[in-house]
Amino acid sequence: MKKQCMLCSTEVDTKRTDANYCSEKCRSKANYLIRMKKANGEYSPVNLPDNSSHNEPIKGVKNKKIEVNGTLQIDEICQMITNTERTIANNCAENTALKAQITELSAQKSRFCSKIFEIKEIKTKKLEAILQLSDADLYNTYLNGEYKKAVKINNTLADFKLITPHKLSLESSSNLVFKINQYRLKVKNLIIAHNSEVSKLNQQILDTESSIKNLNKSIDENNASIRFNQTRIMRLEQLLSG
């Protein structure tokens, strides 16, 4: 039976009653044009052939009548290529910006890690070492102002300013013991503050890693879009050369 191609209007002899195109090329062009019209919100089921796989309308898309008969013009194909190339360029530019953000976040994470190392391995360990000192050593090292002054002026009798454990055990030295205990409490509070700061930094590291993961996901999505659009350009160029 004779039928007219729904794309190029060429009359052809066909053995199938459901055939709507004169060739595979016309069928591919028509399907591509239908997809483009759907993407632009111009989809209408009444314009599709009976054997199309797109007989059901897409929810949320405004229906408009379109014409798919006739040939796809060269200038239309060229415009599609231009638009697709622009999309690829936008994806690449966005990836560049996203990678810059990842670089900054990675540097920020490194600063957090360095800060944690400084607090835990230097500050906190130093404070913990102070708590390990005996009362006499703690007092002479950090609280004995007379001894420090004598050492500073190179007084040969500076060692006589040192407090011995025996002297601290005397009732008359209760004031010194109180000062030592107050200093120990101050050191313990500093350790607690440092541990709290480390916890906050660890949370900031987790948040930074989550942000980097999301940015990498966006980059992967852009790369997938780039590959898709590169393939589209190749097919459009084949139409131009075909």
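Across region 153-162, rounded Karplus estimates of 3J(HN,Hα) from the backbone phi angles (6.51 cos²θ - 1.76 cosθ + 1.60, θ = phi - 60°) give 9, 6, 6, 5, 9, 4, 5, 6, 7, 5 Hz, Gly and Pro being marked x. Give, as ranges by residue number, the residues of region 206-226 whose backbone N falls under 19 Å from the point 7 Å along Cα→Cβ of SER114. Counting backbone N atoms under 19 Å from the label point, the list is 206, 208-209. For region 71-113, the Stokes-Einstein estimate of translational diffusion at 25 °C and a viscosity of 0.890 mPa s comes to 190 µm²/s, using the Kirkwood hydrodynamic radius over alpha-carbon pairs.
Readers should treat all values here as calculations from the given coordinates under stated rules, not as data from a laboratory. What you see is a predicted model; the values in this text were computed from it and never measured. Note that each Cβ is placed from the backbone with ideal geometry, even for glycine, and that neighbours are counted across all protein chains shown.
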